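Notes to accompany the following structure.
The numbers here are math on the coordinates, done by the rules we state, and not lab data. Since the structure is predicted, the reported quantities are computational estimates derived from the model, not experimental observations. Ideal geometry is used to build each Cβ from the backbone, glycine not excepted, and the neighbour counts take in all protein chains shown.
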Amino acid sequence: MTYGLRHFVLPHCEDDPGERWRIAVGAAIMVMALTVALAVPRPALGQSKDGPRRGQTVQGKDQTPRRGQSVQERQQERQQSEDYAPIGARVGSFQFFPAIDVDVEFGSNIFAVQNGDQSDTLTRIRPEMALNSDWNQHALNFNVSSEIVRYYRFDDDDVENYNVGADGVVDILRNLQVTWGSAYSLDHEDRGDPDASGTAREPTEYASLDYDVNVEYKPSKFSSKLAAIFVDRDYDDDTNIDGSRTNNDDRDRDGYEIGGRFGYEYLPDTEAFVGATYNNADYDSSFDDNGENRDSDGYSVIVGTGLDFTGLVTGEVYVGYLEQTYDDPNLKKLSDFNAGASVQWDATPLITVNGLLSRTVQETTQAGSSGFLSTFMSLTADYEILRQLTANANFSFTNDDYATIRQDDDTYEIGIGAKYLFNRNLVASLGYNYKDKDSNVDGSSYQQHTALLTVRGQF
């Protein structure tokens, strides 16, 4: 697919690759300068005469943390307070919010390879616009965003990504609510993604179309949630370093997932629940390049409970079973126990520790393998150093266990970061991340160091 949008973002400058870097850096410097200028304190002219928007605190004062409220949630709420929320512009009964993020990032191994590491620095510019309803009942939001990436040395990896979406809330009754969302995006795979080609000259481009709808009903101690998701993926072919082409049409697919969850609140704000989902994957090609039919369907069932120990430890845990069956008799059925958790520990009023666990079946087009079972675990700590300053540290582990071909990948990541709220117009963050992928397949292991500075201007 050719979308013809690339040259309208930044000049391509094919005759001088270095010029592309200078243009990107120049644009980043101008954006940062404009953002800092806007960050100078000034009277809040144009403040809504209707008073604080829904969810804001009065006079910008912090409220007492709610039971189970994390440091990160508290900072997000603070960003919506009078002191830090962008003013935006009123358009009828909607509020218009433009924003832009500028990243400067260094990567030690940008191609995610085991041997021959190449480092580079990139500038990433991410403008976005949101149009949000300001109604007492129901909600309707629109958003448009893009991402322009420019590398200093390896300009073949320069990309532009785009996204347009809408979402909303329909308040049918006080205890019956419907939420929905839809989005179309043009994106590129990261180097090192499980199915990404290691010989492609440029990152693989793909288009995504996503819809979801959720219905939640809680008339009393009983609760019910129904959800449906539809996805469509369309991958472009790759041009390889040697000039040959890799066909990605056999990766194109659409699919859906429907599910329900039913619970009973046996203690205040704590419920026991059961849930089930059914999914279906339908590939555009009847057979992939290896002669395999990758259409499949599957299900998952769980039983679990919420957690609330004196308000200091909250969350939920569950166990269950999952299974994915493939139309091709030569592709092995994937089935295993399922388990998940989302637990928060408020160690002190200023420190929150979050733990996550999940297991999912993932698609692949690797020859001889039906898919892989991915197990993800993470631990994150957030520390509120000052009212405007938070620091975080995180660790995650992912195991991807492929069916039949005996490929097993372990990926470890560790990172630290900090975020500072200057005022309603300026937010800055700094982070470092280390990633180590250990695979039993020769040539698939790699290590990466990444340092990232982000400045956000919001208006």
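Net charge of the neighbourhood of Ala272, taken over other residues with C-beta under 13 Å away and scored Lys/Arg +1, Asp/Glu -1, is -3.
With each label modelled as a point 7 angstrom along the Cα→C-beta vector, the Asn240-Asp297 pair spans 3.7 nm. With a Förster radius of 30 Å applied to the beta-carbon distance between Asp328 and Asp167, the computed FRET efficiency rounds to 0.25. Kirkwood Rh over Cα pairs of segment 314-360 into Stokes-Einstein at 4 °C, 1.567 mPa s: D in µm²/s? The calculation lands on 98 µm²/s.
For segment 137-179, trypsin sites (Lys or Arg not before Pro) meeting the loop criterion (DSSP other than H, G, I, E, B) and having at most 13 other Cβ atoms within 10 Å: Arg174. You can think of it this way: the chain between Asp336 and Val274 has 20.5 nm of extra reach, that is 0.36 nm per residue less the Cα-Cα gap. Using the Cβ of Asn394 as centre and a radius below 10 Å, the other residues enclosed give a net charge of -2, where K and R count +1 and D and E count -1.
Within the straight-line cut-off of under 19 Å between alpha carbons, the aspartates and glutamates reachable from Lys218 are Asp171, Glu265, Asp269, Glu271, Glu316, sequence neighbours fewer than 8 places apart in one chain being disregarded. Convert 10 °C to kelvin, take the viscosity as 1.306 mPa s, use the Kirkwood radius over C-alpha pairs of segment 178-272 as Rh, and evaluate the Stokes-Einstein diffusion coefficient in µm²/s, rounded to a whole number. Value of D from the Cα-based Kirkwood radius: 97 µm²/s.
Note on segment 105-256: Cα Rg divided by 2.2 N^0.38 Å, N the number of residues, gives 1.38.
Dipole orientation for segment 175-277: of the candidates Gly255, Ala276, Ala228, Ala276 has the Cα lying most toward the positive pole (charges on Cβ; Lys, Arg +1; Asp, Glu -1). Loop-located GluC sites (Glu not before Pro) across segment 318-424 with a Cβ neighbour count of 10 or fewer within 10 Å are lacking, with loop assigned by DSSP.
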